[in-house]
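Notes for the one structure printed next.
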Amino acid sequence: MNKKFLNAVLFGALLASSTGTFTSCKDYDDDINGLSERVDAVEKTLADLNTKFGALAYVKSVSFANGVLTVTDQSGTPTTYTIPDNDTNTTYTLDVTSSREGNVTTVTVTLTGSDNSKIVKTFTITDNDTVTQDTKLDPTKFWMDSEGVMWYGTKDDKENSIKTGVAVPKQPQHDKTTVSVVQYKDETGIVVGWEILVDNQPLSTKLLIQDVLPITSFEYIPTKILAGWGERVIVFEENSYKQKTIVANEVKTSATATLYMSNVAAPQYRVNPSSATLAQLTEEGKAQILKQTVEQVTRTPGVFIDWKKTTIENGIMTVSLEADPALFEDEADKLDMIALQFETTAKNKVTTEYVGVINKDAEIDVVLTDKAVTATNSGDDANHFAITKADAEAQVAKIDDKNMPMAGNAALVQNVTYSEAIAGINLTELVSACNVKDAAGHKFFDYTKYPDLTLSFEAVAYKVNETPQERYMSLDGVTFKAVNYGDVNESCIGKAPMVLAKLTDSHNGNAIVAAAYIKLLIVGDAAAKPEPDITITENATIGIDCNNPVYTWSTNDEFMSTQVYTFSTNEKLTALSKEQFHTLYGYAAAPVAGFENVGTWKVTEILTAGDNKANRGAKFELTTAPLEAKTYVAYAVYEKTTDADVIVSIANGGMYPKYVAIKHVVKVDPINFTATAKEKAPNAWNGNTASIYCQTPGATNTTQIIGDLNELFVGGKVQFDYSSSFDAEKFPSFVADNMEYTFVFSEKNLKATRGLVTGVDGTQYQLALNADKTELHAVGKDLTGAAVANAITADNLVASLSDANNNDVTFANTAVAKNLLNKEARGADSFYAVMDIVYENGCDMLVPVTNGEFNLAFIRPVNVSSDASKFFTDGLNEGDPANTLKLGELVTFTDWRKDSPLNSFAANLDYYRYYGVTSIKCEDIKKVETNWTGKRQTLEEAFGTELATQIIEFDPKTVNYSGTVTALPDFGTVTYIKSSRVEIKAYELYIPLTITYTWGTIKETITVQVKATK
């Protein structure tokens, strides 16, 4: 087991408990003032520390004693910070032990206080963690957040760090008066770093001491994945180009043969521990290249890549490599792989994992550009420096009477301030490059990763008003200095020396890859770059709404005076008066890039009458309607004038930002409440199901199946209650007076939820809805996607909704609807539709109805069963009328109602006409079954093919009605014709009948007894 220790010391509050008494107001005030001064001193100390070193820094050493923190930076310069302490400090020690089994490291963290308090927590590190691929405990990865909670991972990256479960307790003092200084040690007691935090302020600074821990491993940082292999690869770039020449002060492309740059790559690796530097590696980090060629499981060693350079910065190692492009594997099933092996000063060898390497060739054409061109901004032609001296000379480069760049100067002129220019400027920092041969048109070209490419500069002689400009500069390599004929004085301000920048390739005899003429304008220090744009934000939160009338917010005098004119967000800028601000800035009526609105807004400037003694401002109108639950943003932008005379009229006018924007952010909250449909009519419901029936027989009624869904609720309409979270002021468009409800067919009718439905003839369908969910259709069961909607027609309509609330429901008179309706008699299996109640305001914004879903059953109008009093008798004389039965007598008809004799056709003969019963048929005699053999079989199975046709015969008839029915309609007969040759016992016939009536067909199998032989 490896045991590692970390010591955490919490220094107590600067304000300790006091038992003294105050005898005068002056004494009390002196104590409070003294306390405030000490608190302010601590805050400033920590702020200075954070400003110099940031959240994480690598330093040479740190010491803390007697309230003084001494930090020695990488250059060897010590800086001291005073952090007063007193005798009330509480001390805590953090001990960490770890044990590793397989790919899991278990870490136990123990926090022990000087008051004998103890907290013990455990966490694990595995290869699947994002903290590190190496599961060994790294003491440099512990850090503390603003609440004193200890984490393991990259500082301030909680998402990818592991919470240890331990927190340094806070002291019960006033805010901003407690300082925590944490000292981190490894298992041998060596201090690896410190972390300093003042109370719960986000000013924590972690200082890791370089090279106190040995390098243990390198983790490759992948940037490319090889298609088809899924393998991480290092890409070597084999770039070709046409050499440039300088002819008559013009950069031209040579017609000579194509040249090839050195074949380079610069892979990066994460260094463990991150505090290590290049000093731990021998020969300046020279790497031995280990090669493998992957062909399924076969590997072939060999070396074809040379090391050029290694750098380590902030825990990231960059290795420059050069390869021979001719030696790369070019077979599809082979891939070269390399690992890098380094030797430490302790004579240990550390090897990276193997990573694939491939070669990528491209023809390039490099041009030199200003620094606006970066890896994230490829720029365009406007960023290209001039390729002729004449073009560079023509660039306007002037200063105004305040030694600042004149408005209208050429954009490519590089302004350099006098103080920077006399100190020396690295010209490479002004130059970037792009490849104009790339398919995208322009692409950033990072020439610094090519060790054979060098950017150099030459002075170019030319005159302005007969004054030689080259006399005002000196060049020492890439360092430009402003001079005045060799002297240093401000007379060089306003001069515009020119240099010729050349990017040369030592791999090809210093051939010129790119060249450009660059004009430099020496300006006064007041011409420093403007401060970053300033945005003043005003936030508002409202509820989702129809936005009628539109949401409006306007600035007022107080807002403009205290938020805009003061420039309080930038301490380098001085507050302006209203008159100064509106002289320097004008309202930008047109949209400004970088200040894009979210949503539809009307933003206008507020102008006051007369001499504008009142402050101007801006009015914001959010015209998006209706509003969504999102954040809307609008800007009122003030743009600085380009009039040099105006700018110089304001002290340090050049420093003020180009844009000052008022940003109005409106967060629209979604509804946080629900509605409940109340007061259902109890007698209309069976659980959560309501039913729709056929109209009852009568002189003015028809058999249509219709209903009014409003009748299901008390008072003939649906009423709603809101949940307690409803806020009428925040959500005014959702008050009851602005709401309406409708019934719709639910999406739960669809196949994805409900599956398929089956008709009486066995056909399966899937249900579909029209766009507004007022129609229910049945379409082909196998349709998907848009084909479902496209299949909807009037012929496959099942049910529809109409009227103001979609409350009138009508069952369709279509073959498809009838097929579904007649599958089952009244009961739990009746065909039904799933319904929803939609509750929305005037702009169609919905409020969820908690109990809005219910089932609506459609009841089959007619039911059929066997009449047990009717039978056949075996052994009667041939043609005996007793064995010929009327089909109408074999079947007992009732309508959808449950009560007899109200539902009985026999008791109410005119029901046959009302419900339109026209025929009773056995459509296929071969489907008649019997229990003749003791089990249920078809006639053919029981009697054989020949005799099966000699059992019964049907003579059906179709009935047409011309008036009120007073006798049983003649639907035809069925006759028992079997001639017995042996004496038999009683048996049964099972006859499938098809009954046709107004609402389609009903299929019912009736049972008829055949009595024993007489």
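Only the coordinates and a few stated rules stand behind these numbers; no lab work does. Computed from a prediction, not measured in an experiment: that's the story for all the values here. Don't worry about glycine lacking a Cβ; one is built from the backbone with ideal geometry, like all the others, and counts go over all protein chains shown.
Quick notes
- Here the range 863-1011 is assigned +1 on the Cβ of each Lys and Arg and -1 on the Cβ of each Asp and Glu. Its dipole about the Cα centre then comes out at about 300 debye.
- When you filter the GluC sites (Glu not before Pro) in the range 934-1001 for DSSP loop state and at most 14 other Cβ atoms inside 10 Å of their Cβ, you are left with GLU983.
- Scaled radius of gyration (Cα, divided by 2.2 N^0.38 Å) that the range 863-1011 gives: 1.10
- Share of pairwise Cα-Cα distances greater than 18 Å in the range 642-795 is 78 percent (whole percent).
- Under 19 Å from the Cα of LYS1003 - lysines, other chains or at least 8 residues apart: LYS818, LYS823, LYS886, LYS921, LYS926, LYS927, LYS957
- Which of SER866, SER723 has the fewest Cβ neighbours within 10 Å, and the rest in rising order: SER723, SER866
- Loop-resident sites, the range 967-1013, for trypsin sites (Lys or Arg not before Pro), counting at most 16 other Cβ within 10 Å (DSSP): ARG981, LYS985
- What the pair-distance distribution of the range 534-669 shows, using all Cα-Cα distances binned every 10 Å from zero, is 11, 41, 32, 13, 3 percent.
- Selection of trypsin sites (Lys or Arg not before Pro), the range 855-905, meeting DSSP coil and at most 10 other Cβ within 10 Å: LYS898
- Sorted by Cβ density within 10 Å, fewest first, the residues MET317, MET845: MET845, MET317
- When the listed pairs LYS244/LYS371; LYS252/LYS463; LYS640/LYS730; LYS443/LYS663; LYS349/LYS502; LYS244/LYS449 are checked against a 32 Å cut-off, the alpha-carbon distance exceeds it for LYS640/LYS730; LYS443/LYS663; LYS349/LYS502.
- Alpha-carbon centroids, the range 471-543 and the range 882-950: separation in whole Å: 104 Å
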